[in-house]
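Working notes, beginning with the structure itself.
Read-outs throughout are calculated quantities, based only on the coordinates presented, and are distinct from any laboratory measurement. If you're wondering where the values come from, they're calculated on a predicted model, not measured in any experiment. All Cβ positions, even for glycine, are placed from backbone atoms using ideal geometry, and neighbour counts span all protein chains on display.
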Amino acid sequence: MVDRAMVDGTVVDTSKDQLKKLLFGTYLLTKDRTMISLNFEQFLELWKEAMETSSKEETTSHPDLFFTNGMSDHLAEALRTEECLAEKYRVSWD
Amino acid sequence: MEKTDSLDLQREDAWFATNQLFRAIQLGFEGSKLKPLHAKIKMGLIKKAYEQHANHLHYHGVDQQRVDAYKLVCWIGCSVLSEESINPDTESDCTFKIIARALIETLCGFLGEDSRGKIVFAKETRELLLQMLIAEETQNPEHGIWQNGLYAAFHCSVVSLRLMETAA
C-alpha cells in the first residue's frame, strides 16, 4: 500500500478510506512512492488542447472507413464504478 | 445528442478510462518486488498521448461520439512504456514489464466486462501480447506490436463479440 499521495499539491494520507475518496482522481506513482495526482481540471485542459491541436492538422481522411466508434454503454458504466476492471478479470502470470 | 453533451461525455469517458489504467499500474507495482522502482510518468507524456490519440482519430476520419476506451489506454500505455527501458533478463522483472502487464490486464479487464465475463483471455494469450510488446522495445519490430497492433487485437475481439451477440 502506498503511504501518502500528492493531491492538488498537498500530501495526504492514503489509508484505505482515504484512497477510496481519491478513487476518482488519477494518480501516478513517483520514485519515492508518493503519487502525483492528475486532477480533473488539469485533465480537461490536456484533453481540450489535444483536441484543438489535432483539428488543425492536415490529414488524409477516410470517412468510409468503419471501425468502432466508442464503446458500449455497459463498459462506459463499468469504468465509472470503484472497481478496477484489470483486477476483476486478472489471471495469474505465473 | 447535442455536440456539447457529446464532448462532455467524451471527456468523462477518457478520464475514467485513464483512471482504470493508472490504477492497474499502481496495483502492478504494489504486487511486485520492485517497490522502490516506479514509472516516471510525466504530465507531458499524458498530453502527448492524448494528442496522438486525437490525431489518430482525425487521420482516419473518425467522428468520435464516445471515447474508445481500448484505443485510448493503448495510446497512453505505450506512451508511458516508450520512456522505460527493459531488462533483457527474461527471469527478472522490470518497470517496463510491470507497466506492460498492467496495460494488458486493463485491456483484458475491459473486454471481460464488455462480454460480461464471457471473454477473459487466458495467461498464454496475455503472455503472447507481452512478448510482442517486449520484442518491439528490444529492437525486434518484425516480431513485435505497439499501440496500433495491441489496439487491433482487442478491437477485433470486440467486433467478434458484437457479431456473436447480434447472431444469437
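Modelled label positions at B:C156 and B:S92, each set 7 Å beyond Cα in the direction of Cβ, lie 3.5 nm from each other. What's the angle, to the nearest 10 degrees (0 to 90), between helix B:147-167's Cα axis and the longest principal axis of chain B? Roughly 50 degrees between the two axes. The local environment of B:E137, defined by Cβ-Cβ distances under 12 Å, has a net charge of -2 under the rule Lys, Arg +1 and Asp, Glu -1. So what's the net charge close to B:E165: Lys and Arg +1, Asp and Glu -1, counting the other residues with Cβ under 11 Å from its Cβ? Neighbour charge sum, excluding B:E165 itself: +2. Sequence-ordered 3J(HN,Hα) estimates for segment B:55-65 from the Karplus curve with 6.51, -1.76 and 1.60 and θ = phi - 60° stand at 5, 4, 4, 5, 4, 8, x, 8, 8, 6, 9 Hz, glycine and proline given as x.
Inter-chain Cβ neighbour count for B:45-52, averaged per residue, equals 5 (cutoff 10 Å, partner chain atoms only).
Given the pairs B:K97/B:K123; B:K33/B:K123; B:K33/B:K118; B:K71/B:K97, which are separated by over 24 angstrom at their Cα positions? Long pairs (Cα-Cα over 24 Å): B:K33/B:K118. Rounded to whole numbers, the Karplus 3J(HN,Hα) couplings from phi for segment B:82-98 are 5, 8, 9, 9, 10, 7, x, 5, 5, 7, 9, 8, 7, 4, 4, 5, 5 Hz, using 6.51 cos²θ - 1.76 cosθ + 1.60 with θ = phi - 60°, and x at Gly and Pro. Classification of segment B:103-168 by its C-alpha gyration tensor yields a prolate form. The axis ratio a/c (a ≥ b ≥ c) is 1.5 or more, and a/b outweighs b/c.
Classify segment B:3-167 from the C-alpha gyration tensor, please: rounded if a/c falls under 1.5, else prolate or oblate depending on whether a/b exceeds b/c. Prolate, because a/c is 1.5 or more and a/b exceeds b/c.
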